[in-house]
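Starting off with a structure, shown below.
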Amino acid sequence: MTSTTHALFPTPVMIAPEILDNAQIAQIKTDISEMDFASNAKSSALAHSSLDMGPLNPMLQKALIPVQDKLVAFGRELFGEELNWTIKEAWVNILETGGHQAMHLHANSFISGVVYLTDSHPSANLIFQKPESHTSFVFSNFNARSELNPFTAARWQVPDIKAGDLILFPSYMMHGVAGNEGEQRISLAFNAIPDKLDSWGYSVRFNPD
Ligand SMILES: [Fe+2]
């Protein structure tokens, strides 16, 4: 009999191409040109629009309307049920040549996403990092002989990304950008929450306000 190896408990990452068309991208770029930007603390070649805590910026809310259906579909994959999803915060990232983004994750959120307003050079595509133990020793066997496969890999980089494409991922995933060797890259990032989660009658409600 042939033996079988099962790949257990995979992590979903959705790539949805061409969520925005060229006219929508041009409109958003015009709108965001009036926003205030501040440099990232760890990379001067990366700037973010201010992240207002409170009601979502109406302009960004409008820009993200095309994302909603994919958000619901991804939420269904993540939680097994169609839930009401709200984008509770959104911000714009401008990554210049040479800029990078340190590994991080997004707290107080369940689904995070990025919509690209320009093409992304392969070097500037998001890298996801496999979760590691934080309270015990970790052993690995990374060396010239060891084979890279879905079980040994510690990182995964998003492949080809074009202007208008969307990426959705669970907010607990560590992610970052190694270093942009291409031209300026502009993206619109956001965090989303469902209205509630229900485990056999024990439910938790979330309020974006
Ligand atoms: Fe992020």
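Do we find that P131 is more than 13 Å from the ligand (Cβ to nearest atom), part of a loop (DSSP other than H, G, I, E, B), touching a residue at least 24 places away in the same chain (Cβ under 8 Å) and under 16 Å from Y172 (Cα atoms) in this structure?
In short, yes.
Among (1) within 16 Å of the ligand (Cβ to nearest atom); (2) modelled with pLDDT of 95 or more, where does A90 come up short?
(2)
Give me a count of the residues in region 109-119 that are within 14 Å of the ligand (Cβ to nearest atom) and open to solvent by less than 10 Å² (accessible area, probe 1.4 Å).
5
Continuing with this model, one more query. Name the single residue that is farthest from the ligand (Cβ to nearest atom) among those in region 156-195 being farther than 20 Å from T97 by Cβ and charged (D, E, K, R).
Applying the filter and picking the extreme gives D195.
Could you list, ordered by first residue, the pairs with Cβ atoms under 7 Å in which the first is in region 140-152 and part of a loop (DSSP other than H, G, I, E, B) and the second is β-branched (V, I, T) and surrounded by 10 or more Cβ atoms within 10 Å (Cβ to Cβ), at least 6 apart or interchain?
S146/T152
How many residues does region 97-108 contain that are assigned to a loop (DSSP other than H, G, I, E, B), in contact with a strand residue (DSSP E or B) (Cβ under 7 Å, 6 or more places away or on another chain) and open to solvent by 50 Å² or more (accessible area, probe 1.4 Å)? Outline the logic, then answer.
Within region 97-108, the subset assigned to a loop (DSSP other than H, G, I, E, B) is 97-100, 105-108.
Adding the requirement that they be in contact with a strand residue (DSSP E or B) (Cβ under 7 Å, 6 or more places away or on another chain) leaves 99-100, 105-106.
Going one step further and asking which of them are open to solvent by 50 Å² or more (accessible area, probe 1.4 Å), we end up with 100, 105.
Total meeting the criteria: 2.
A further question on this structure: If a residue counts only when it is without any contact (Cβ under 8 Å) to a residue 40 or more places away in the chain and among the β-branched types (V, I, T), which helices (runs of 4 or more DSSP H) contained entirely in region 1-86 have at least 1 such residues?
Details: elements: 22-32, 58-63, 68-79.
It comes to 22-32, 68-79.
Within region 163-184, restricting attention to residues that are of a type in the set (D, E, K, R) and over 15 Å from the mean Cα position of the chain (by Cα), which residue is nearest to M59 (Cα to Cα)? Spell out the reasoning first.
Within region 163-184, the subset of a type in the set (D, E, K, R) is 165, 181, 183.
Remaining after also requiring over 15 Å from the mean Cα position of the chain (by Cα): 181, 183.
Working: E181: 30, E183: 25 Å.
If we take residues in region 163-184 being of a type in the set (D, E, K, R) and over 15 Å from the mean Cα position of the chain (by Cα), then E183 is nearest to M59 (Cα to Cα).
Out of all the residues in region 122-141, is one or more on the phi > 0 side of the Ramachandran plot and out of contact with any strand residue (DSSP E or B) (no Cβ under 7 Å at 6 or more places or on another chain)? Talk me through it step by step, then tell me what you get.
The first filter runs over region 122-141 and keeps only residues on the phi > 0 side of the Ramachandran plot, leaving none.
No, that holds for no residue.
Hey, S49 hits all of (1) within 16 Å of the ligand (Cβ to nearest atom); (2) closer than 13 Å to I193 by Cα but one; which does it fall short on?
(2)
The values are calculated or read from the model by the stated rules, or taken from the named source; none is laboratory data. The shown structure was predicted, so the numbers you read here are calculated from the model rather than taken from an experiment. For neighbour counting, all protein chains shown are included, and Cβ atoms are generated from backbone atoms with ideal geometry for every residue, glycine included. Side chains included, ligands, DNA and RNA excluded: accessible areas come from the protein's heavy atoms. Shrake-Rupley method; radii C 1.70, N 1.55, O 1.52, S 1.80 Å.
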